[in-house]
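The values are calculated or read from the model by the stated rules, or taken from the named source; none is laboratory data. What you see is a predicted model, and the numbers here were worked out from it, not measured in a lab. We place every Cβ from the backbone using ideal geometry, glycine too, and count neighbours over all the protein chains shown.
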Ligand code: UP5
Ligand code: MG
């Protein structure tokens with residue numbers, strides 16, 4: 001098996017990470033792994049050892065211990081048998097970064113980090129609208145969103161800076177319409193020919 005390759009997809013809550021990952025999958029044949037979706041699936045499993053812990057962390061906008069997230073991601077990568085992955089919403093803290101570097105990074109190559117840049121007010125409005133439309137997500141409410149934003153600023157921003165210092169970040173303006181954002185995203189993927 002060739003070494004799996006990943007693109008980390010980061011940005012504030014509601015920046016459009018999941019939306020654009022779907023578009024990238026369609027055009028470029030990646031496998032989309034949303035860390036948040038994997039955690040929500042794990043939470044929903046009857047009798048899951050981590051179900052309650054995950055629910056508490058998500059509602060509080062806190063970051064689940066990396067051992068749980070990393071093992072879900074690694075398992076999904078192995079089970080797929082594929083080669084190119086978008087890892088959406090991870091790593092979002094120093095704990096996540098260290099956990100990844102100490103385990104998965106030895107078996108998986110990081111291509112680059114795709115960063116969706118979007119004002120936090122716009123992001124919050126998008127998530128609130130999604131909640132009002134019936135997303136069913138227990139964190140699409142104002143109280144959780146304030147916590148998610150705080151966590152993004154204190155924990156995830158430094159990770160983006162870390163990768164910027166390594167010249168690994170490709171930034172997209174995520175304020176435009178979904179199609180316009182994807183045009184910018186597509187330019188990046190066309191250029192790197194992956
Ligand atoms: N929308 C999208 N693009 C738009 C555009 N260009 N113009 C207008 N509207 C647009 O989009 C959000 C909403 O905006 C949708 O309604 C969409 O239609 C619209 P989406 O694509 O879902 O944005 P995304 O960035 O994926 O937002 P999401 O809410 O998923 O981001 P989060 O990063 O907050 O959520 P995630 O699922 O990654 O994590 C949730 C929680 O899980 C975290 O807070 C944390 O508690 C936990 N978690 C961990 O602990 N560890 C992890 O590694 C990952 C998650
Ligand atoms: Mg998402």
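Numbers at a glance
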{"quantity": "Condition check for residue 156: under 25 Å from residue 55 (Cβ atoms), within 16 Å of ligand 2 (Cβ to nearest atom) and part of a helix (DSSP H, G or I)", "calculated": "yes"}
{"quantity": "Top-ranked residue of region 1-20 - restricted to ones that are assigned to a loop (DSSP other than H, G, I, E, B) and over 21 Å from residue 158 (Cα atoms), ranked as nearest to ligand 1 (Cβ to nearest atom)", "calculated": "4"}
{"quantity": "Criterion violated by residue 60 - all others in (1) closer than 23 Å to residue 137 by Cα; (2) touching a residue at least 24 places away in the same chain (Cβ under 8 Å); (3) within 16 Å of ligand 2 (Cβ to nearest atom) satisfied", "calculated": "(3)"}
{"quantity": "Qualifying position, being closer than 22 Å to residue 54 by Cβ, at pLDDT 95 or above and part of a helix (DSSP H, G or I), among 161, 146", "calculated": "146"}
{"quantity": "Residues located in region 77-112, provided they are closer than 22 Å to residue 188 by Cβ and within 16 Å of ligand 2 (Cβ to nearest atom)", "calculated": "85, 86, 87, 88, 89, 90, 91, 92"}
{"quantity": "Test: residue in region 35-56 that is within 13 Å of ligand 1 (Cβ to nearest atom), closer than 20 Å to residue 67 by Cα and out of contact with any helix residue (DSSP H, G or I) (no Cβ under 9 Å at 6 or more places or on another chain)", "calculated": "yes"}
{"quantity": "Unique match (being within 19 Å of residue 60 (Cα to Cα), out of contact with any strand residue (DSSP E or B) (no Cβ under 9 Å at 6 or more places or on another chain) and loosely packed, with under 15 Cβ neighbours inside 10 Å) among 183, 178, 157", "calculated": "157"}
{"quantity": "Residue that is nearest to the chain's Cα centre (by Cα), among those in region 1-20 that are within 13 Å of ligand 2 (Cβ to nearest atom) and surrounded by fewer than 20 Cβ atoms within 10 Å (Cβ to Cβ)", "calculated": "18"}
